[in-house]
Amino acid sequence: TRPGSGTYVTYQREDVGADVVAHAGPLELVDARFALEPHICRLCVLQGRREDFDELEKLCDKMEENPEDPSAFAELDTEFHTGLAMATRNNLLIWMIRHISAVRTREEWTRMTRMTLDREIITTYNRQHRQILDAIRARAAEEAANHMKEHLGTARLSLTRAADT
């Protein structure tokens, strides 16, 4: 309201998503993924197609080619988890995973991956990715979800240990 002028209505759109991503930490990322990705595995079993699984297989192959390259692994890992979401054919889940994965572009995440991604943990993650994919291919929904929980638990423990140093 402006005296002598009138009352005006204005609207400023908030970009809440960008603000959330800007302030989310690595452990928040893993916890959000815990809420979504086991169910994404279940939906992959129901909705996934052979070509989806073949693409995920190619990503696993690429991740396993060079366990000495944490940067390449991190990029392929993001693609793998996004690929799982894509195989659900659920646009809302795909959107959510893409936004959650945006946290991986933050400096804090990059710093934590440099601290945690060594040959041993990359090898562990690769083995877990294979277990997830094998269970999905076998149409074993709960087994896939449990392997994802194990995988995210390993990631959370690794990040927690790095944060304590």
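The values are calculated or read from the model by the stated rules, or taken from the named source; none is laboratory data. Worth saying up front: this structure is predicted, and the values here are computed from it rather than measured. Areas reflect the complete protein model, heavy atoms only, side chains present, ligands, DNA and RNA absent. Shrake-Rupley method; radii C 1.70, N 1.55, O 1.52, S 1.80 Å.
For this structure, a couple of remarks:
- Helix 91-101 vs. the chain, principal-axis angle (Cα, 0 to 90°, nearest 10): 90 degrees
- With the convex hull drawn around the C-alpha atoms of the range 40-122, the volume per residue stands at 85 Å³.
- Using the rule -39500 (n - 2.57) for each DSSP H run of four or more residues, divided by the residues of the chain, the 222 nm mean residue ellipticity is -25500 deg cm²/dmol.
- Reciprocal mean inverse distance between Cα atoms of the range 93-137 - Kirkwood radius, Å: 12.3 Å
- Choice from His23, His39, His129 showing the highest fluctuation, given a GNM over the chain with Cα pairs closer than 10 Å: His23
- Counting only alpha carbon atoms, the long axis of helix 70-87 and the longest principal axis of the chain meet at about 80°.
- With the biggest extent put first, the Cα atoms of the range 91-165 measure 39, 31, 17 Å across the principal axes.
- With one equal scatterer per alpha carbon and no solvent term, the Debye-computed log10 I(q)/I(0) for the chain at 0.10 1/Å reads -0.40.
- Rolling a 1.4 Å probe over the protein heavy atoms gives the range 1-147 an accessible area of 59 Å² per residue.
- Maximal additional length on extending the Asp61-Asn146 stretch stands at 28.4 nm, based on 0.36 nm per residue less the C-alpha distance.
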